[in-house]
Structures are given as structure tokens and as C-alpha cells.
Amino acid sequence: MAITQDEELIFKPLTPSIGAEVQGVDLTVEIDDVQFQRILDAWISWGVLIFRDQALDLEQHVALGRRFGELYSHILPDAKTPPGYPEVIELHTDAHSERAGGESWHTDVSADEEPPMASILHITETPDTGGDTLFASMNAVYDDLSGPMKSFLSGLTATHRASRGYNAVHDRNQPQGPSTVPLGGWEFPDSHHPVIRTHPVTGRHSVYVNTIYTSHIDELAPDESDSILAVLLERIHNPRYQCRVQWRKNTVVLWDNRCVQHHAVWDYFPKLRHGNRVTIKGDRPFFSPPA
Ligand code: SIN
């Protein structure tokens, strides 16, 4: 496996298409511009970066997020945030939990008109085993579609519905799909995003529909939409597109919501897992045809 080393920073790819572990950086202090640019470039290349042994406090976590852009506050009115840190979401699961966040393939808050570009999760407590997070490269999923399928999907849009994520949450008795557990009953407008999204930095295309938020493809009949979505969402399950992060205390993971999906595995009940996530604002997804 290739290891890229420049001065202090070492990048160790996890797979050929997604994920790299980064060594030689301390995220608790301000990163200089040269190191930051290398981390940014690596993140754009691998989609997911893993940093071990980073004992960030909330202030440092927020400061790290701000290096990447303006921070995003979650649209859910009762998102759990630590006092004084509205931009930080607490992810906590223990013996009393009835659900765990993100336990299906998704990209964060894709139901927003301008979904967050990036997420930075810092896990502070983790069970001895379990509680991993899977990540999938949606660029790689797109690349492996046939030419006619790519053409067919180009220019189509899909509806992303917040209520699928927030009013129908996932419980541990039904890990594969939305349950009917009501959560708040808030109303949020739908968003319509291209089914194939162009990455604003790399220009690469990715499949931009997900299990949690996408309800249907706008231009198709309901049965056609269900069938096409089933084909696309099934592809994500192929391990060749994935990497898997095994968390340890003080692991920090940065992912690119524009071209990566993730799935948190709740296989550790009734044990405790705790972390904080900072999310960075993104722009409106768009599609530009291949040149
Ligand atoms: C999420 O951000 O969707 C949850 C990820 C995780 O808990 O690993």
C-alpha cells in the first residue's frame, strides 16, 4: 500500500478509492497554512481522513472546523448541542438509547438546499469493540455504472425529504430502514438535487441519492423511481467502494459529504459511545455534463 510522506505528514491510504489515515499532525493546535493545504489536498483525494490520538476540546474542535469554512448549525430544533456550542452536535448512545444517529447509508442533511460540505467527528468514548463507521465512495459507485446508465441519470433530479430522516428515525429493532417512531413532527421543505452530482473542486461525478433522505426521482413514475433507486442504493453495499473506520478514544474523522456516504453501526448496545460532530456549510449541488 502506498504511503505518501512529506516532511512531518504521513498519509496511509486505507483502500485504493477511499480513506487515508494521517500521521504527524496535532489538531489541538493551529495547523500552519502549508500543512493545512496538504491535509486539504489529501482530503479531496481520499474523501475520508482519519486522525488518531487527538484530544480536542470543544473550542479546538470548532476552530478546526472553521479552518475548512463557515460552520453549519443543524436544522433540527432539538439537535443535542453542548452548552455554548450551537455548531457542535453531540452523538451519544448508551443503554437508555432507543435509536442511534446515522444508522443507514446517508450523507449529512442532504435534505437541505445547501447540504453541509464536510463533517468532522471526534469520538471521545467508544465501546471495546463495535461502533465502527462505514464510508462509501460515491465517485467510485458512479465510475462503475455503465455508459447508458450514466447518460440516463444525467440531468435527473431527486427529492430529499427531511421528514424521512427526522420524523421517521431508525431504531435498533429496525436497523435496515426507517421505523415509524415519530420524532418531533417538524415540517421542513423538500430539496431537489441532481441524481448525479459534480464535485465543485475535482469536477468528478458521484451518485447523490441516499437511503435516509431521498424519497424519489422527480422525473420518473413511482415504480420506475423505486427500481432505479434500488439499483443505485444497492451498489453502495459492495465492499469494493467502502472503507471502515474502527474508532478509538480521540479518533477524529473528516469526510466529504459531497462525494462520500457513511453508515454508523449500532452493534454495541447497551454499551456507551460518545462524540461531537462539527459540520461545515456547503453549496447547492449541481450537475455539469462530462466534458
Ligand atoms: C453521523 O454523523 O451520521 C454519525 C456517524 C457516527 O456516529 O459514526
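The values are calculated or read from the model by the stated rules, or taken from the named source; none is laboratory data. Only a predicted model underlies this, so the values are computations on that prediction, with no experimental measurement involved. Methodologically, a virtual Cβ is constructed for each residue, glycine included, from the backbone with ideal geometry; neighbour enumeration extends over all protein chains shown.
If you go through the range 91-124 and keep only what is more than 11 Å from the ligand (Cβ to nearest atom) and either charged (D, E, K, R) or out of contact with any Gly (no Cβ under 7 Å at 6 or more places or on another chain) (or both), you end up with 94, 95, 96, 97, 98, 99, 110, 112, 113, 114, 118.
In the range 212-270, how many are more than 17 Å from the chain's Cα centre (by Cα), of a type in the set (Ser, Thr, Tyr) and either within 12 Å of the ligand (Cβ to nearest atom) or surrounded by fewer than 16 Cβ atoms within 10 Å (Cβ to Cβ) (or both)? Final tally of qualifying residues: 2. For the range 120-138, a residue qualifies if it is touching a helix residue (DSSP H, G or I) at 6+ places or on another chain (Cβ under 9 Å) and not hydrophobic (A, V, I, L, M, F, W, C), and the qualifying residues are 122, 137. Residue pairs whose Cβ atoms lie under 7 Å apart, sitting 6 or more positions apart in sequence or on different chains, and linking a residue in the range 51-71 that is under 23 Å from residue 20 (Cβ atoms) and surrounded by 17 or more Cβ atoms within 10 Å (Cβ to Cβ) to a partner that is among the small types (Gly, Ala, Ser) and at pLDDT 95 or above, are 68/118.
Condition (residue is basic (Lys, Arg) and in contact with a His (Cβ under 7 Å, 6 or more places away or on another chain)) applied to the range 234-254: is it met by at least one residue? Scanning the range 234-254 turns up no residue that is basic (Lys, Arg) and in contact with a His (Cβ under 7 Å, 6 or more places away or on another chain). Checking 262, 237 one by one, the residue that is modelled with pLDDT of 95 or more and part of a loop (DSSP other than H, G, I, E, B) is 237 and no other.
Do you know which residues across the range 127-163 are within 14 Å of the ligand (Cβ to nearest atom), under 19 Å from the mean Cα position of the chain (by Cα) and farther than 24 Å from residue 204 by Cβ? Once the filter is applied, which keeps residues that are within 14 Å of the ligand (Cβ to nearest atom), under 19 Å from the mean Cα position of the chain (by Cα) and farther than 24 Å from residue 204 by Cβ, the range 127-163 yields 130, 131, 132.
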